[in-house]
Structure formats: C-alpha cells, structure tokens
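*Asks:* Got a structure for you, written out below as structure tokens; questions coming shortly.
Computed from the coordinates by the stated procedures, all read-outs in this text should not be read as laboratory data. Because the structure is predicted, anything quoted here is derived from the model rather than measured. With ideal geometry, Cβ positions are generated from the backbone for all residues, glycine too; neighbour counts draw on all protein chains shown.
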Amino acid sequence: MKMTFRWFGKDNDTVSLDEVRQIPGVEGIVGALYHIPVGEVWPLEDILNLKKQVNEKGFHLDVIESVNVHEDIKLGLPSRERYIENYKQTIRNLAKAGVKVICYNFMPVFDWTRSDLAKKRSDGSTVLAYEKDKIENIDPEEMVRRIESDSNGFLLPGWERERLKTIKNLFALYKGVTEDDLFENLRYFLEQIIPVAEECGIKMAIHPDDPPWSVFGLPRIVTNKENLERIVKMVDSPSNGITLCSGSLGANPNNDIPEMFRYFLKMDRVPFVHVRNIKIHENGDFEETSHRSCDGSLDICEIVKALHDMNFQGYIRPDHGRMIWNEKARPGYGLYDRALGIMYLLGIWDSLEKQKKGRV
C-alpha cells in the first residue's frame with residue numbers, strides 16, 4: 001500500500017510540499033494541471049514541471065487526478081472525436097513523465113454535489129455535507145453560485161468556472177439522455193483510450209459518482225457493484241480499472257464497502273483507493289467526519305483490513321478532511337485532518353502487519 005496526498009499546486013493550495021513531507025508515510029503526490037481547460041491536451045512541458053516540483057521534495061508523481069472528460073464525450077456528440085484524440089495524447093504525455101495511474105470520472109455536469117461546504121459539527125469543525133431537501137429545492141444555477149461563494153476563493157475540482165458558465169445549455173443537452181446512453185458513451189470512450197493506456201503502461205481508474213445516485217435528474221452510472229463490474233467488463237483489460245472511494249460509494253447504505261473492495265481487488269482492477277468516512281442520517285442525508293470508524297457510518301478498520309487481506313500494492317490517499325484548528329483552506333482539502341487520517345489508516349495497517357507476523 002503506497003500512501004499519497006492530493007496537492008493542487010504551489011499557486012493553488014494552502015498546503016505546501018514541505019508540510020506534506022512532515023506527515024509520516026507519505027510517498028507520493030497526487031497532482032494535476034488545473035490551468036488546462038477540460039478537453040485540451042496536457043503539454044508535456046507542464047507535466048514535467050509539476051513532476052520536478054514534486055520530485056525535488058522527495059515524492060513520486062505516479063498518480064494523476066483528474067484528467068477530466070469533456071462533456072461532449074459523455075454526451076456522445078460528433079465533436080467527441082477531437083476530445084478523445086486530445087485525451088489519448090494526454091495519456092501519452094503523462095506516460096513520458098512516468099505516470100502510472102490516471103483517476104477520472106464520468107459524472108454529467110457536476111463531478112460531486114454537496115449542499116454545504118462548511119457544515120458545523122458538534123466539535124466545532126466544519127465539513128462537506130449533503131442534505132437532500134436542499135438539493136431538491138434549489139435551482140442548479142443557484143447551487144453553482146452558492147458553491148462559488150462558499151469556496152473561499154479556491155478552485156474546486158469538478159466545478160471549473162468555464163464549464164459551469166454553460167450550465168443551462170448542458171442541462172438542455174442532457175435532456176432525454178438515459179443511463180443506458182451514458183453507458184454506451186462510456187463504452188465508446190473506453191474502447192478508444194484503453195488500447196493507448198495499455199501501450200503506455202498506464203492504468204485508468206474511474207471514480208465513483210458522488211453521491212452515487214441521480215442529482216437534478218442527470219443520469220449517473222458509477223454507483224454500485226453491478227455497474228462497476230459492467231464497466232470493467234466493457235473493455236476487458238488490466239488498464240481498465242476503478243478508483244474505489246469509500247465515501248462516494250458508502251453514501252448509499254446498500255453498498256457493502258468492505259465486500260466491494262474485496263471483490264474488485266480480487267479482480268485486480270483497483271490501482272487507486274480513496275478512504276474517508278461519512279455519517280449517514282436516517283433520512284439519507286450525510287456529512288463527512290473524521291476517518292475514525294466510530295465517528296461515522298463506515299467501518300474504516302474493516303475497509304483497511306480488506307486491503308491488507310488482499311495484499312493491496314496500489315496507491316491510497318485520505319479523502320476529504322474536516323476543517324479543524326482554525327485552518328483556512330480549500331473545503332475538504334486542508335492539511336491537519338487529512339494528516340490525522342493518514343496516521344489512522346497507517347496505524348490500522350501497521351497493526352494488521354504485526355498480527356500477520358505473529359507479534360501481537
């Protein structure tokens with residue numbers, strides 16, 4: 001298990017690589033080029049510059065998150081051909097820089113949805129939260145305005161301003177698009193890019209929908225075990241993999257997260273893992289918590305045990321953290337709580353290692 005930390009770049013993150021170096025056990029940085037518009041080729045020079053920054057601090061850049069998929073590809077429009085060719089070239093450029101895993105998603109319009117970016121918890125921390133009534137009773141454009149105003153001026157992954165300026169048009173284009181349509185558009189995309197990923201020695205790892213159900217009537221397909229299995233079988237290749245995310249899939253109590261982890265790890269289709277905990281309420285609302293099992297609805301101990309039992313050799317990172325200790329940072333991506341999450345995950349792993357070696 002290789003521990004990593006998501007970083008948004010020296011000009012776009014409150015967390016420095018020097019601070020990340022002080023978190024025990026972190027081997028790599030999960031990065032991206034956030035200044036490149038969705039659908040355009042990532043220049044090799046820019047990728048190598050990012051790699052140089054990361055390597056100089058003693059980290060690898062084996063994982064990239066995210067090379068976002070243009071909406072025309074998701075919609076299956078004729079213009080998708082240009083964007084798919086650009087995506088192929090980006091894969092090739094990333095491979096030249098030594099990247100091994102690309103995390104991406106196939107969520108229409110919104111990469112993730114929350115009703116609150118700073119819900120205050122009883123301990124005084126603030127967290128990302130999802131309240132169904134708020135989402136169902138708000139216009140998507142109004143939600144975009146609220147998200148932007150609550151983001152503390154930070155670019156939020158999946159909420160790129162140039163894309164969301166066309167939100168009315170996007171919703172019109174998605175009118176009548178079914179889940180089966182989206183599956184077929186994903187199949188077409190995978191059939192085009194996976195051979196390139198194979199040639200380059202890169203594993204593509206699709207991220208689950210967050211949350212794993214339809215929002216604003218938009219189709220969503222990366223939501224459960226059945227659909228994930230359907231996706232990896234669309235193009236039967238080790239390069240067609242999954243980013244298993246406990247928090248995204250776990251928002252639906254019907255998803256047995258430890259069992260899903262074991263199932264897809266056994267298939268050897270999991271190069272990348274996100275782990276976070278959430279507290280699910282009786283009405284289906286949820287909020288993010290610390291990583292500790294007892295603080296949320298997910299058994300993080302059992303999830304890490306599944307990784308350990310299956311001898312997981314891939315990459316893992318703590319996912320969203322709380323804002324604690326008066327930190328001001330991008331919602332979900334501060335330093336302190338993610339560092340605590342890393343130590344919790346590594347503590348579980350170390351205990352399992354000692355048990356395995358018979359020292360406990």
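*Asks:* Taking H as built 1.01 Å from N, whose amide H comes closer than 5 Å to the amide H of K2, not counting residues under 5 places away?
*Replies:* Residues meeting the criterion, in which the H sits 1.01 Å from N, are G314, Y315, I316.
*Asks:* For Q355 and E198, what does the FRET efficiency come to when R0 = 35 Å and r is the distance between their Cβ atoms, rounded to the nearest 0.05? Show your work: numbers first, answer last.
*Replies:* On the way: r = 38 Å, r/R0 = 1.07.
So the FRET efficiency works out to roughly 0.40.
*Asks:* Which cross-chain or sequence-distant (5 or more) residues have an amide H under 5 Å from the amide H of R276, H modelled 1.01 Å from N in plane?
*Replies:* For R276, the qualifying residues are S246, G247, D319.
*Asks:* As an exercise, identify the trypsin sites (Lys or Arg not before Pro) in the range 182-282 lying in DSSP coil whose Cβ has no more than 13 other Cβ atoms within 10 Å. Write out the running numbers ahead of the final one.
*Replies:* On the way: sites: R187, K203, R220, K225, R230, K233, R262, K266, R269, R276, K279; in loops: R220, R269, R276.
Listed in order of number, the matching sites amount to none.
*Asks:* Go ahead and run the numbers for FRET between D46 and E19, Cβ-Cβ distance against an R0 of 25 Å, rounding to 0.05.
*Replies:* Here the calculated transfer efficiency is 0.60.
*Asks:* Next up: Express the C-alpha Rg of the range 197-328 as a ratio against the empirical globular expectation 2.2 N^0.38 Å, rounded to two decimals. Walk me through the numbers before you get to the answer.
*Replies:* Working: Rg = 15.2 Å, N = 132, 2.2 N^0.38 = 14.1 Å.
Normalised by 2.2 N^0.38 Å, the Cα Rg of the range 197-328 equals 1.08.
*Asks:* Any idea what the relative contact order of the range 2-356 is, in percent, if you count C-alpha pairs under 8 Å spaced at least 6 apart? Please report the intermediate quantities before stating the final value.
*Replies:* On the way: 636 pairs, mean separation 61.4, N = 355.
Taking the mean separation of contacting Cα pairs over the length of the range 2-356, I get 17 percent.
*Asks:* Step through the residues of the range 222-234 one at a time and calculate ³J(HN,Hα) from phi using the Karplus curve (6.51 cos²θ - 1.76 cosθ + 1.60, θ = phi - 60°), rounding each to whole Hz and writing x for Gly and Pro.
*Replies:* 9, 10, 7, 4, 4, 6, 4, 5, 4, 5, 5, 8, 4
*Asks:* Taking amide H atoms as placed 1.01 Å from N in the peptide plane, list the residues 5 or more away in sequence, or in a different chain, whose amide H sits under 5 Å from that of H60.
*Replies:* Under 5 Å from the amide H of H60: G28, I29.
*Asks:* Can you give the relative contact order of the range 1-49 as a percent, counting alpha carbon pairs under 8 Å and 6+ residues apart? All intermediate terms of the calculation are to be shown ahead of the outcome.
*Replies:* On the way: 35 pairs, mean separation 20.0, N = 49.
That works out to 41 percent.
*Asks:* Just how many % of Cα pairs in the range 2-356 lie over 36 Å apart, if you round to the nearest whole percent? Mind dumping the intermediate values first?
*Replies:* Details: 8495 of 62835 pairs.
So the pairs more than 36 Å apart make up 14 percent of the total in the range 2-356.
*Asks:* In addition: Pop out the ³J(HN,Hα) list for the range 46-63 in order, Karplus 6.51 cos²θ - 1.76 cosθ + 1.60 with θ = phi - 60°, rounded to Hz; leave Gly and Pro as x.
*Replies:* Working through the residues one at a time gives 5, 5, 5, 5, 5, 4, 4, 4, 6, 5, 4, 9, x, 10, 9, 10, 7, 10 Hz.
*Asks:* At 10 °C and a viscosity of 1.306 mPa s, what translational diffusion coefficient does Stokes-Einstein give for the range 11-81, taking Rh as the Kirkwood radius over Cα pairs? Give it in µm²/s as a whole number. Present the calculation step by step, with values, prior to reporting the outcome.
*Replies:* Numbers: Rh = 14.0 Å.
The diffusion coefficient I find is 113 µm²/s.
*Asks:* Can I ask one more? Starting at the first residue of the range 317-329, write each ³J(HN,Hα) from the Karplus equation 6.51 cos²θ - 1.76 cosθ + 1.60 with θ = phi - 60°, in whole Hz, x for Gly and Pro.
*Replies:* Per-residue couplings from phi come out as 9, x, 8, 3, x, 6, 8, 10, 6, 6, 6, 10, 7 Hz.
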